[in-house]
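Working notes, structure below.
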Amino acid sequence: MRVAILTVSDAGARGERADTSGDAAERWARARGYAIADRALVPDDTAEIINALTAWCDHDTADLVLTTGGTGLSERDVTPEATRVVLERDAPGIAERIRVKTMDSFPRSALSRGLSGTRRKTLIVNLPGSTSGVNDGLAALDPIVDHAVAVLRGAPLDHGSAPR
């Protein structure tokens, strides 16, 4: 699988903060044997987020795009709004799973407004900006992401014996 990682952070884009959440997403992808197709860091700017996501999806750069950051309640958190513009089809169960699986250990994950969905043959998943939030979100994504991308990419699947 080819993974692109987009970190959304004003401080990161200004060089004031290390991109530890993007690093966490990259470690997860590499540990699973995935290729890093691209990685970028942009400020909390709707147009820049839209441009990066659209380019990666429309040029078939990645099978999976992970965004980190910009999913909270602050005025500058615009990742879900930008993602909504890009998505052709919603996949709300993925974002719901991430929130539900992380709420017991971190109740504030209920405040995340992250989205999930598809554009063309690419799955896009919004993750929080903290390293722990990324790790928790990816742990929730772990058991479903390969199947989700396989279905999206049109791979032949045996639906009769899927593990639960």
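The values are calculated or read from the model by the stated rules, or taken from the named source; none is laboratory data. This one's a predicted model, so the numbers in the text were calculated from it and none came from an experiment. Don't worry about glycine lacking a Cβ; one is built from the backbone with ideal geometry, like all the others, and counts go over all protein chains shown. Note: areas computed on protein heavy atoms with side chains; ligands, DNA, RNA excluded. Shrake-Rupley method; radii C 1.70, N 1.55, O 1.52, S 1.80 Å.
Here are the numbers:
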| item | result |
| --- | --- |
| Condition met for ARG76 (open to solvent by 50 Å² or more (accessible area, probe 1.4 Å) and under 16 Å from VAL134 (Cβ atoms)) | no |
| Near pairs, Cβ below 6 angstrom, 6+ apart or cross-chain, from region 138-161 (within 23 Å of SER21 (Cα to Cα)) to any residue that is aromatic (Phe, Trp, Tyr) and at pLDDT below 95 | none |
| Residue within region 35-49 that is open to solvent by less than 20 Å² (accessible area, probe 1.4 Å), among the aliphatic types (A, V, I, L, M), in contact with a Leu (Cβ under 8 Å, 6 or more places away or on another chain) and closer than 18 Å to VAL3 by Cα present | yes |
| Test: ASP60 is open to solvent by 50 Å² or more (accessible area, probe 1.4 Å) and farther than 19 Å from SER130 by Cα | yes |
| Qualifying positions in region 1-13 - in a helix (DSSP H, G or I) and either without any contact (Cβ under 8 Å) to a residue 24 or more places away in the chain or closer than 16 Å to THR71 by Cβ (or both) | ASP10, ALA11, GLY12 |
| Candidates VAL100, VAL151 - the one that is closer than 24 Å to ALA55 by Cβ and either surrounded by fewer than 14 Cβ atoms within 10 Å (Cβ to Cβ) or touching a Leu at 6+ places or on another chain (Cβ under 8 Å) (or both) | VAL151 |
| Residue identified as on the phi > 0 side of the Ramachandran plot, over 12 Å from the mean Cα position of the chain (by Cα) and not acidic (Asp, Glu) among ARG84, ARG120 | ARG120 |
